[in-house]
Amino acid sequence: MISRTNPRSVPAPIGDYAHLTVVPTGADLLVLAGQVAILASENVDVEHVIKVNLWFTSPIDRALFQKIWRQFHQGSPPATTLAYVSALAQPHIQVEVEVWAARYPA
């Protein structure tokens, strides 16, 4: 089972995420570059997500983001990084999402 914790030896998270996610031995790691819908094609869902990296090119509405983010992770937030960058791969792209997930062997 995937474990998500916030160790007492470090300050509490400043947002809705876990500081530490531990993947059990034998799980497959799936790394998705901007293709979250691929989770379903690999027979995994949000509970299998262990890490999310989000890059934005301009400021976001934090309240709206938090609402959508909480709906996505359903009360079990993965380890997460949110960063602002000056540009992404193409000028029209304003958001990039990288997702890491773990899949248990059948």
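Values quoted throughout were computed directly from the atomic coordinates according to the rules given, and no laboratory measurement underlies them. Just so we're clear, the structure is a prediction, and the values are computed from it rather than from any experiment. For neighbour counting, all protein chains shown are included, and Cβ atoms are generated from backbone atoms with ideal geometry for every residue, glycine included.
Here are a few things to note about the model shown:
- Counted residues, the stretch 51-95 - those being acidic (Asp, Glu) and touching a Ser or Thr at 6+ places or on another chain (Cβ under 9 Å): 0
- Residues being part of a loop (DSSP other than H, G, I, E, B) and surrounded by 13 or more Cβ atoms within 10 Å (Cβ to Cβ) - total across the stretch 16-75: 12
- Residue in the stretch 29-42 that is under 15 Å from the mean Cα position of the chain (by Cα) and among the charged types (D, E, K, R) present: no
- All conditions in (1) part of a strand (DSSP E or B); (2) in contact with a His (Cβ under 9 Å, 6 or more places away or on another chain) hold for TRP100, with the sole exception of (2).
- Selection within the stretch 87-106: residues that are among the small types (Gly, Ala, Ser) and under 17 Å from ILE50 (Cα atoms). The member of this set that is nearest to the chain's Cα centre (by Cα) is ALA101.
- Number of the exception - ALA87 against (1) in contact with a helix residue (DSSP H, G or I) (Cβ under 6 Å, 6 or more places away or on another chain); (2) assigned to a loop (DSSP other than H, G, I, E, B): (1)
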